Amino acid sequence: MSTEQQPRQDPGVFRTKTVEQSIRDTEEPEHALRKSLTAWDLTVFGVGVIIGTGIFVLTGIAARDNAGPATSLSFVAAGIVCALAALCYAEFASTVPVAGSAYTFSYASIGELPAWIIGWDLVLEFALGTAVVAVGWSGYARHLLHTNLGWDLPVALSGPDAGGSFDLLAFLLVLALTAILVIGMKLSARITAIVVVVKVTVVLMVIIAGLFFIKASNYSPFIPPAQPQEAGGGWKAPLIQVLFGYEPTNFGVMGIFTAASLVFFAFIGFDVVATAAEETKNPQRDMPRGILGSLLICTVLYVAVTLVVTGMQRYTEMSATAPLADAFKSVNQPFFSGAISLGAIVGLITVCMILLLGQTRVFFAMSRDGLLPRFFSVTHPTFRTPYRATILLGVIISILAGFTSLEKLAELVNIGTLFAFVVVALGVIVLRRTRPDLHRAFRTPWVPVIPILSIAASVWLMLNLPTETWLRFGVWMAVGCVVYFLYGRGHSRLGKLGKDAKF
């Protein structure tokens, strides 16, 4: 039995909150979440959020512009980066089964300011991710309405990407999902399970039906000859090029890793599973199963889909907008093409909902700790959900989705996720040293080797992102630090320990 370590009561920004105290906070009636999720629910959540925009869109872009048929290896490389991070997430989520994911893990290991920074980062990541996916869903929905019903939204309500000013469908989708999340997690899980069945059925259909239309000649060459990327100057250039003069290539062996930086977006979301730890019946057993299980399932499906699609259609001819549907069009199979488009529309709903779920749980955890106003950490007396935070964020994101352009925000989601991976891996190393006495239901193997590899792989992908993405990210982090020192530090419950806070 472990001896509880007392929280450090110093005023420093690196004060840590003990694991035991984090768990005790979940027992406060007014701020408690309902435990209703199982390992199956978590796996469904993971699959539901991972299979989305990435596999339905990015496959064609990566194959055509970066790696050719070897894009399947790019998915393997991105999957390995996520697997390294997933092992670290699994240890934390089973040891600290509290809402907040990387934010909560950082608070228990590295300190309050790093926890705030990662929480602020996750708020951005999930908000932009939700908005981006909602806009992507809106595009698919408008296309389906036009193709099948001959009905078009007014241009003004079709969103910036379609030449309009406001995206009505994306706005309404986020509001509807907000209402579902307020009502309860179990309802969200049931809806997600139904949609995931549809989505996985579509993916399996692509794999099985596509096998009959593969041409071996489309795989030759499997790794196309390397080509220098067009010179990207200034803010558009990858940071690694600006700092070290390294110029990423398209195709060839290095093109596989260039594509991995792009298709990494297809894996974003498995870390959202960790935000539901507090609402899991048996988190010590079920969180590792949910995180690792969903990631494994999706990686296998991604690799299989990519191999089939690049075998059906020459990579140089692949579509950048709807590669799976267009691959079936190229072999005169319109039925499968339409089914894939419908599956994408249904599937993106769960991606949007679970990203919104993740953000509300991080916001809720930060509010419960006093770093954001405690008003937002009160749970609904009937549904036991953080309804105030959910409504606030849902309204803000619905407006953001209404005015969002996809291209500008997707890369910010990538850098935010990778930054979270780095902090969680570092936290595993630190907590192993500072709290070796803690019971860990799941232990990341080969510590510190696995966490160090996770940090290195994540940093490598971050360096391949454009310099302007780093600049925007830096501005958001700077704003976060200002908010922390003006509000969070003075209102922190941990900082008030022994004064007026009741821990």
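The values are calculated or read from the model by the stated rules, or taken from the named source; none is laboratory data. Owing to the predicted nature of the structure, the values given are computational and were not obtained by experimental measurement. Every residue, glycine among them, receives a Cβ derived from its backbone with ideal geometry; neighbour counts consider all protein chains shown.
Structure values in brief
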read-out	value
Of all residues in region 431-449 being surrounded by fewer than 19 Cβ atoms within 10 Å (Cβ to Cβ) and of a type in the set (Val, Ile, Thr), the one that is farthest from ALA277 (Cα to Cα)	VAL449
Hits in region 181-210 (condition: over 28 Å from GLN333 (Cα atoms) and under 20 Å from the mean Cα position of the chain (by Cα))	LEU181, MET185, SER188, ALA189, ILE191, THR192, ALA193
Subset of region 71-115 [among the small types (Gly, Ala, Ser) and under 13 Å from ILE450 (Cβ atoms)]	ALA83, ALA85, ALA86, ALA90
Failed criterion for PHE375 (all others in (1) in contact with a Ser or Thr (Cβ under 7 Å, 6 or more places away or on another chain); (2) in a helix (DSSP H, G or I); (3) aromatic (Phe, Trp, Tyr) hold)	(1)
Enumerated helices (runs of 4 or more DSSP H) restricted to region 1-117, each holding at least 1 residues that are aromatic (Phe, Trp, Tyr) and either surrounded by 24 or more Cβ atoms within 10 Å (Cβ to Cβ) or at pLDDT 85 or above (or both)	39-50, 71-95, 102-109
Flag for LEU412 being over 24 Å from the mean Cα position of the chain (by Cα), crowded, with 18+ Cβ neighbours inside 10 Å and modelled with pLDDT under 90	no
Single match in PRO381, PRO373, PRO288 (criterion: farther than 23 Å from TYR140 by Cα, under 22 Å from the mean Cα position of the chain (by Cα) and not basic (Lys, Arg))	PRO288
